[in-house]
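The values are calculated or read from the model by the stated rules, or taken from the named source; none is laboratory data. Treat the numbers as computed from the prediction; the structure is a model and nothing was measured. Cβ coordinates were reconstructed from backbone atoms using ideal geometry, including for glycine residues, and neighbour counts include every protein chain displayed.
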């Protein structure tokens, strides 16, 4: 059975769910999922898992993301991006470059960010955007995010207008809303702001260089083997033949971390364990002097759910 990751260059106007539906037809399987939603306006890297590789997606969702974007100062919109109607305008022509750089610096590092009110976050079981569309005034709570890099490449003052466009690169933690950054920068500068373009260039170790359009994938399906995908994503542990057998049955083995080590694998950040033949056997978490399987991929061990249960009982 074909299993692995597909790095899709998502087209503008498509939802992430649309891409999954198309990939199901291309790959000829229903077992397809994605690692981190992209708004319809956005393009770029969408990591899609096929069959067994869908088990890796939960560990990809939390990785660092990188985007290139264009922020327009001087206009606020209901969605904080170009897809929403303009709710307020103010001339940005007099905003000084240093003020822009200072505003960007203030939004770099560990910050508290209020997501866009039209995000997919659930409020009492209903998506925030659905509540907004029904006329409700939605206020979401701030959440901690980390902006590792917020770099301004160009400041473009558009002739004959009062708006200023910024071309930027943002490297950030999972859960960051780039359109909220655009909104908050515009608010801090007193002129409002929103996002007019967004392209994701990296999701963890997977980059735009590896991505293929849906048209290209329909012609030739390019799949990153599950073992190669795990090697790029996680710490690696090479198993002996005896350890491979033990892990294949959901049993514990000796920990891979030295005594007193602070770099032990955990359930949230496991190590990828490989058999002597190079095949991916399991994801392992260290627990004291032992390592136990979080998820087993080896043939004959049953489903991932069963392997996880066995590990929990060990």
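Out of curiosity, is residue 232 out of contact with any helix residue (DSSP H, G or I) (no Cβ under 7 Å at 6 or more places or on another chain), under 30 Å from residue 169 (Cβ atoms) and not in a strand (DSSP E or B)?
yes
Within the range 166-179, count every residue that is modelled with pLDDT of 95 or more and farther than 20 Å from residue 153 by Cβ.
1
Taking residue 79 as meeting all but one of (1) in contact with a helix residue (DSSP H, G or I) (Cβ under 6 Å, 6 or more places away or on another chain); (2) crowded, with 19+ Cβ neighbours inside 10 Å; (3) at pLDDT below 95, write down the number of the exception.
Unmet condition: (1).
Quick check, is residue 205 under 23 Å from residue 61 (Cβ atoms) and without any contact (Cβ under 8 Å) to a residue 60 or more places away in the chain?
It is false that residue 205 is under 23 Å from residue 61 (Cβ atoms) and without any contact (Cβ under 8 Å) to a residue 60 or more places away in the chain.
Please pick out the residue among 104, 95 that is more than 30 Å from residue 226 (Cβ to Cβ), at pLDDT 95 or above and over 26 Å from the mean Cα position of the chain (by Cα). Spell out the reasoning first.
Numbers: 104 fails: over 26 Å from the mean Cα position of the chain (by Cα).
The conditions single out 95.
Suppose we filter 198, 140, 181 for residues that are in a strand (DSSP E or B) and assigned by TED's automatic domain parsing to the domain that holds residue 87; which single one remains?
Only one candidate passes the filter, namely 198.
Select from the range 75-94 the residues that are in contact (Cβ under 8 Å) with a residue 40 or more places away in the chain and out of contact with any strand residue (DSSP E or B) (no Cβ under 6 Å at 6 or more places or on another chain) and write down the one among them that is farthest from residue 187 (Cα to Cα).
Result: 83.
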